[in-house]
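Inspection log for the structure reproduced underneath, given as structure tokens.
Taken together, the values in this text are just the output of simple stated rules run on the coordinates, not laboratory data. Computed from a prediction, not measured in an experiment: that's the story for all the values here. No Cβ is skipped: glycine too gets one built from the backbone with ideal geometry, and neighbour counts run over all protein chains shown.
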Amino acid sequence: MASSTSSLLLSVLLLSVFTPFIYGNCISSCGTTGLCCPGVCGKCENVALFANLTASSDHSTYGPLKRLTDCNGLGWHANDADKTRGSWLTFCWDTPMWLGSIHIRNANGHTNYGAKTHKIEAGTGENVVDMKWKTVKTFTNLPCGGGRLHSFDLRDVDTGHTDEPYKCIRLVLSDRCGGGHFSLSEVSIAGCDHSGTDTTATATTNTITTQTNTMIAKLQRDLDGATGEFAELVETQISDLKDSLQLLADDNTQLKAEVQELREMNKNLNESNKELRDIVTTLVDDFTELKDTLQGADEIPPSSTTTCDSDAKCDSSVENNADGGININSCCGEVQVRTKTCEFSLCELKEDLDRVKQRLPSPKIP
């Protein structure tokens with residue numbers, strides 16, 4: 001996180017210091033401001049003013065070609081014959097030029113004659129006839145209208161100028177707004193001789209500026225990429241945190257339910273334990289009273305022989321045992337205990353104890 005923040009601050013600082021070198025300065029031409037220059041130019045100007053102009057055709061009466069760059073607003077008109085073969089304009093220089101931007105103004109006072117598509121081409125070769133052309137940029141869906149200005153930036157984002165100095169460029173017009181031919185009132189091009197000025201210092205500055213432009217553009221792309229990655233990382237972490245919080249909330253709800261269940265179980269156990277303690281207390285009291293009664297007798301009755309319904313004979317007896325207790329033997333029938341306060345059967349007492357055991361809750365481990 002600290003590294004990303006440091007890179008971000010460095011990039012912003014460098015961009016704020018070197019922005020003028022990336023884009024270059026802007027000049028005014030034919031009363032139009034905002035014609036922006038390449039960053040490598042020591043001296044930037046409207047290079048269309050001293051270009052060698054050629055065209056697919058011109059109209060000698062309404063608009064000869066020379067009017068295109070004289071800034072008088074009258075402009076150039078193509079011949080109607082261009083309807084079938086297309087219209088174009090070429091700008092060539094004695095030495096190659098670094099280019100920044102181009103202004104193209106539709107014919108003043110005419111709603112027709114404008115082009116909805118402008119294609120900028122760069123040429124290589126010794127003359128226009130043998131020139132090989134490559135497309136630099138194409139601009140489509142342009143609005144029509146008399147005197148409307150179209151401004152196009154030709155600079156590369158990394159270097160602040162065209163990918164190389166051009167000796168010729170060609171403007172190809174198509175998709176006419178209306179009328180019988182194309183017409184433009186002005187074309188201005190910001191640029192400079194690729195050799196810059198005659199001084200070594202200026203040439204060195206231009207080289208450093210170009211290198212700086214490339215470095216800053218790369219920093220800008222890295223900054224944009226880092227910002228996007230950071231935002232995506234934060235969004236992922238927020239999503240994970242929300243999922244974790246939801247899991248904790250679900251676990252908390254389940255834990256509350258289990259705690260409530262344990263409370264109910266504990267309440268039931270307390271009630272059962274109280275009931276059990278009461279029963280045990282009663283049994284202990286009964287046995288104590290029985291023991292005291294038997295041990296307090298003057299003598300233990302002798303054994304007697306009893307005949308059961310099955311004609312089997314056995315001895316019924318009450319005897320002292322070796323542990324200091326009393327053994328009560330009965331081969332048939334129940335043993336009834338009678339005291340001053342109660343009378344009960346030992347067998348029924350055992351059954352009651354068994355029922356007590358059955359009613360005791362089984363241990364449950366949550």
Just tell me which aspartates and glutamates come within less than 19 Å, Cα to Cα, of K134; anything on the same chain fewer than 8 places away is out. E121, E126, D153, D156, D163, E164
Whole-Hz Karplus ³J(HN,Hα) for the range 64-71, in order, using 6.51 cos²θ - 1.76 cosθ + 1.60 and θ = phi - 60°, x for Gly and Pro? x, 4, 5, 6, 5, 10, 8, 6
Step through the table entries K43/K66; K267/K340; K274/K350; K43/K119, compare each Cα-Cα distance with 29 Å, and write down the pairs that go over it. K267/K340
Along the Cα-to-Cβ line of K132, 7 Å from the Cα, sits a label point; which residues in the range 152-169 have backbone N less than 20 Å from it? 163-169
Length added when fully stretched, C71-K256, from 0.36 nm per residue minus Cα-Cα: 58.1 nm
Between F139 and V157, what is the spin-label point distance in nm, taking each point 7 Å from the Cα along the Cα→C-beta axis? 1.9
Spacing of the two label points (7 Å from each Cα toward its C-beta) at R263 and L353, in nm: 3.8
